[in-house]
1. May I ask you to work out the translational diffusion coefficient for the stretch 171-231 at 4 °C, viscosity 1.567 mPa s, via Stokes-Einstein with Rh from the Kirkwood sum over Cα pairs, reported in whole µm²/s?
2. Over the stretch 150-283, what relative contact order in percent results from Cα pairs under 8 Å that are six or more residues apart?
3. With +1 on each Lys and Arg Cβ and -1 on each Asp and Glu Cβ, how big is the dipole of the stretch 115-259 about its Cα centre, in debye rounded to the nearest 20?
4. Would you work out the charge dipole size for the stretch 43-141 about its Cα centre, treating the Cβ of every Lys and Arg as +1 and the Cβ of every Asp and Glu as -1, and quote it to the nearest 20 debye?
5. Principal axis extents for the stretch 62-155, Cα atoms only, whole Å, descending order, please.
6. Quick one: Debye curve from the alpha-carbon atoms of the stretch 150-283 only, equal weights, vacuum; give me log10 I(q)/I(0) at q = 0.11 Å⁻¹ to two decimals.
7. Listed highest first by mean packing, meaning other Cβ atoms within 10 Å per residue, what order do 163-171, 228-236 come in?
8. Anything over 21 Å Cα to Cα? Flag those among 41/75; 155/212; 75/96; 189/212; 41/125, in the order listed.
Amino acid sequence: MSRVLNNVGPMKEETRKRVLQAAAQLGYVPNALAQQFARRKSGNIGVVLPFVPKVHLFSTYYFSEILSGIGETAKRCGYDLLLIFREPDGARDYAKLFRTQKIDACIVLGSQNVPEERAALAELKEGGFPFCLVNQRYDEEQYETVDADHFDGSKEAVRHLVEQGKRKVAFVNGPAQYSNSADRLLGYKAALSEASIPYEEQLVYVGNYSRKSGYELAGRMAEGIHAGCIDAVFAGNDRMAIGLIQGLRELELEAGQHYALVGYDDSDGSRIISPRLSTVAVPFYEMGRIAAARLLDSSSRNPSSDTNLDILPVSFINRETS
């Protein structure tokens, strides 16, 4: 019966009709889980997430927007989401998820350019397992990837600050193992060069994309502001920018008054903090939607396209801090 109902293998037409007639008389309804097992399919798309202690990932704008985009497409295509949390120092055996039939496709968020991650992704590629990266590129590899134009976004943010007459623009970047950190640094440098402003390495600070890391930089930034070495700041994401606003406010320095500030992401927090944060809008929801569609929706694929990379445009948003 299962071969007939699942349309698997050769069979006589007479046999097929008799089985279907019997199933109809008995009111038989195929069990979805049994069908998936028979077809060696899980019905799940896996989403690999970083496990960050003391950080509620689902309340952060970045992850909630991307996951919403993935979830919308997965539901439309008849798939469920399986969330996999990756320990910072744990094993990264993504291929095992396919071998044990837990997932049929995989989207990796928070991927880092470290040896362990590169080895895990290479194993997926060699095994022919379908996967897609979001917001992280390995330009020398032919991985399915959905990214945003962080170079252009950063360049526009710094260009705006320069157009406001700022000449000492500090930059708070994220960790170097993320390709978007490298993109933003290049965009920052390009905007300075375009304005004939020399690049000063001492004006580049590094956080970890958390609000706390921005807050902890406030003391050093305050010294630069008071000394006239900093008149504006571009932060690599809104969380660091908001932490910086809070830390500098405690030192009696206000964004938009004592220094100009631009964040990045256009998160909910950027719109409700006072003063409202100038920022760069990134289409995270759309990135998640496109990544899932690349893996699950054959109608979204362009057979004439030879690229495995989608780079989505971003846009600068001018508010009160700049």
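1. Numbers: Rh = 12.6 Å.
So the translational diffusion coefficient is about 103 µm²/s.
2. Values: 243 pairs, mean separation 33.0, N = 134.
Relative CO of the stretch 150-283 lands at 25 percent.
3. Working: 15 positive and 24 negative charges, 105 e Å.
So the magnitude is around 500 debye.
4. It works out to roughly 300 debye.
5. 45, 34, 25
6. The computed values of log10 I(q)/I(0) come out as -0.31.
7. The most tightly packed comes first, giving 228-236, 163-171.
8. Details: 41/75 16 Å; 155/212 25 Å; 75/96 24 Å; 189/212 26 Å; 41/125 19 Å.
Over 21 Å apart, Cα to Cα: 155/212; 75/96; 189/212.
Rule-based calculations on the coordinates, nothing more; no lab input. What you see is a predicted model; the values in this text were computed from it and never measured. With ideal geometry, Cβ positions are generated from the backbone for all residues, glycine too; neighbour counts draw on all protein chains shown.
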